[in-house]
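None of the figures in this text is laboratory data; all of them are computed from the coordinates on show. A quick note: this is a predicted structure, and the numbers were derived from the prediction, not measured. Note: ideal-geometry Cβ built from the backbone for every residue, glycine included; neighbour counts use all protein chains shown.
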Amino acid sequence: MKIPVSGDCGQRPVQIAGSRVRRWRRGALAALLLIPASMPAWGQESVPTRHFTLANPAELTDADAEKIYKRISNELVRGYQLSDHPAARSYQRWRRFNRAPYRSGPHGERFVNHYANGVGHDAYGALKEGETMPVGAVIAKDSFAVTRAGEVYSGPLFLMEKMPEGFNSAGHDWRYTMIMPDGSIFGVTKGPDSQKVEFCQKCHQTAGEGNDHLFFVPERYRIPPAE
Ligand code: HEC
């Protein structure tokens, strides 16, 4: 597992498995999602992205993860909002689909949460074979990291937005965006630094045609849709 740890201003990721510290170059490690949690962009107001240290990080229960999330969510959102992305402003008021944050291997072993906006929430998690999400649906996934030493860091906001047909036919017309904890935008499909988020689409495509490139929340954490 490789997650960012702040040695000096959070600019160096620590490769925990081999305990080899490497200089971080923006973008160079994107494909593996080894992006440090805190790297204020020049001229931007910065928010703290390292929050506190846990005494027993190896024994986190779902309830513990939820408590951590509640404790940091205001700061998490404040950081994302520096991007001025509309989803960063509103996603916390959308329907949440998981009952506790859970570790997501594909998203850098970070703890994640899923939200879907009003256009998307009825369909998200309830798609029938071959159906696609409505245009305008947005799914937001915020995240935080807990290092082996128990330090809690903000993680990126992962977004998928369903665009009109023809936007990106190879990727089922999804626009992927990754917003860093300091509000800087790492990449946007068909927008700035589009190539940096190509790996999102590549992996999501493996979810297949049957479910519109979506994976959904793992069953154990899923809040069933309201009746
Ligand atoms: C290696 C595979 C992989 C990569 C790379 C990846 N994802 Fe995901 N993504 C998943 C899986 C698996 C899930 C569902 C389970 C989970 O959360 O781990 C998911 C879920 C999501 C969701 C919730 C919608 C859904 O599919 O249920 C969003 C939004 C998302 N990812 C955005 C992104 C963005 C943005 C990137 C790139 C910055 C990205 N993902 C990179 C595998 C991946």
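Observations on the model:
- Exactly one residue among PRO164, PRO134, PRO192, PRO218 is more than 10 Å from the ligand (Cβ to nearest atom), farther than 23 Å from VAL47 by Cα, surrounded by fewer than 21 Cβ atoms within 10 Å (Cβ to Cβ) and within 19 Å of the chain's Cα centre (by Cα), and that residue is PRO192.
- Of all residues in the range 67-96, those that are over 15 Å from PHE158 (Cβ atoms) have Cβ atoms under 8 Å from Cβ atoms of residues that are part of a loop (DSSP other than H, G, I, E, B) and of a type in the set (Val, Ile, Thr), 6 or more apart or on another chain, in GLU75/VAL47; GLU75/THR49; ARG78/VAL47; LEU82/VAL47.
- Matching residues, the range 96-121, being farther than 25 Å from LEU60 by Cα and either of a type in the set (Val, Ile, Thr) or crowded, with 17+ Cβ neighbours inside 10 Å (or both): ALA116, ASN117, VAL119, GLY120, HIS121
- Residue among ALA126, ALA145, ALA170 that alone is within 16 Å of the ligand (Cβ to nearest atom) and either closer than 18 Å to ASN74 by Cα or assigned to a strand (DSSP E or B) (or both): ALA145
Here's the yes/no breakdown for (1) in a helix (DSSP H, G or I); (2) within 8 Å of the ligand (Cβ to nearest atom); (3) in contact with a His (Cβ under 6 Å, 6 or more places away or on another chain):
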position: PRO181; (1), (2), (3): no, no, no
position: PHE186; (1), (2), (3): no, yes, no
position: PHE199; (1), (2), (3): yes, yes, no
position: HIS213; (1), (2), (3): no, yes, yes
